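As structure tokens, the structure follows; a few thoughts come after it.
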Amino acid sequence: MSMNMHEYILMSKDLFNAGGYVMLPLIFCALLLWYGLGYRCWALRTPGKKTIHDMLVLYSKQPDQLAKSIVEQAAQRAVLLNAPDRKHLRRILDEAFYDYFKEARKFSVLVKTTVVIAPLLGLLGTVMGMIETFDSLGSMSLFTQSGGIAGGISQALITTQMGLSVAIPGLLLHGFLHKKQQKIERELTQLKELMCTQAATGQTTG
């Protein structure tokens, strides 16, 4: 029998209370982590099967074509910057592509930091729970206002589980997105080198 919304809220409240003070920063970490991951999933879109040369040809013929991915936007801008000043193209592209490299790396540090902090917060909750447990063992209190033996064990288990639940999916998805980031950065570098080579040899795209 499925739970209704009220029962789900009550269960979440009980888990939050059982986890103690560490649950609030853990939930905050989870929100930060998934915001960063969601943004990176959206930002690190790939242009499908189009090669760098295909993109340059496309934007040379159709400069107003909508560019969705970071590499497509860079190719479109490179084509527009290529015509006016081919002599100083490398410097111009270095400055122009800085924003695209920055976009590809955005929230990467936030995600990595959150993945590290979450299990440490879970460990802190475990220690706090064990302290409560041993304090209660001294007075042989199974249940007290502060939690008692049962409350301490519950806090230790829930915070550990919460910390790992935040960190493990974040770590896996971050690894996947980091590989996409590296691929995009390689393509941006290849695009810049191709444009500079063409400018040096007097070639045109198309």
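The values are calculated or read from the model by the stated rules, or taken from the named source; none is laboratory data. Not measured: the values here are computed from a predicted model. Counting neighbours? That spans all protein chains shown, and the Cβs are built from the backbone with ideal geometry, glycine included.
Of all residue pairs spaced 6 or more apart or on separate chains, those with beta-carbon atoms under 6 Å, a first member in segment 55-70 that is within 20 Å of THR189 (Cβ to Cβ) and in contact (Cβ under 8 Å) with a residue 24 or more places away in the chain and a second member that is among the hydroxyl-bearing types (Ser, Thr, Tyr) and part of a helix (DSSP H, G or I) are ILE70/TYR100. Among the residues of segment 104-111, are any part of a helix (DSSP H, G or I), in contact with an Asp or Glu (Cβ under 9 Å, 6 or more places away or on another chain) and surrounded by 13 or more Cβ atoms within 10 Å (Cβ to Cβ)? Within segment 104-111, one or more residues are part of a helix (DSSP H, G or I), in contact with an Asp or Glu (Cβ under 9 Å, 6 or more places away or on another chain) and surrounded by 13 or more Cβ atoms within 10 Å (Cβ to Cβ). Do we find a residue being over 30 Å from VAL127 (Cα atoms), surrounded by fewer than 20 Cβ atoms within 10 Å (Cβ to Cβ) and of a type outside the set (Gly, Ala, Ser) anywhere in segment 67-74? Yes: segment 67-74 contains one or more residues that are over 30 Å from VAL127 (Cα atoms), surrounded by fewer than 20 Cβ atoms within 10 Å (Cβ to Cβ) and of a type outside the set (Gly, Ala, Ser).
Test LEU81 against the stated conditions and say whether it is surrounded by 14 or more Cβ atoms within 10 Å (Cβ to Cβ), modelled with pLDDT of 85 or more, in a helix (DSSP H, G or I) and among the aliphatic types (A, V, I, L, M). So LEU81 does not fit the description; no. Within the bounds of segment 5-27, is there any residue that is among the hydrophobic types (A, V, I, L, M, F, W, C) and in a loop (DSSP other than H, G, I, E, B)? Checking segment 5-27: not a single residue is among the hydrophobic types (A, V, I, L, M, F, W, C) and in a loop (DSSP other than H, G, I, E, B).
Taken over segment 43-54, the criterion of being modelled with pLDDT of 90 or more and in contact with an Asp or Glu (Cβ under 8 Å, 6 or more places away or on another chain) is satisfied by ALA43 alone. Taking segment 50-78 as the range and being under 25 Å from the mean Cα position of the chain (by Cα) and either among the acidic types (Asp, Glu) or assigned to a helix (DSSP H, G or I) (or both) as the test, the residues that pass are ILE70, VAL71, GLU72, GLN73, ALA74, ALA75.
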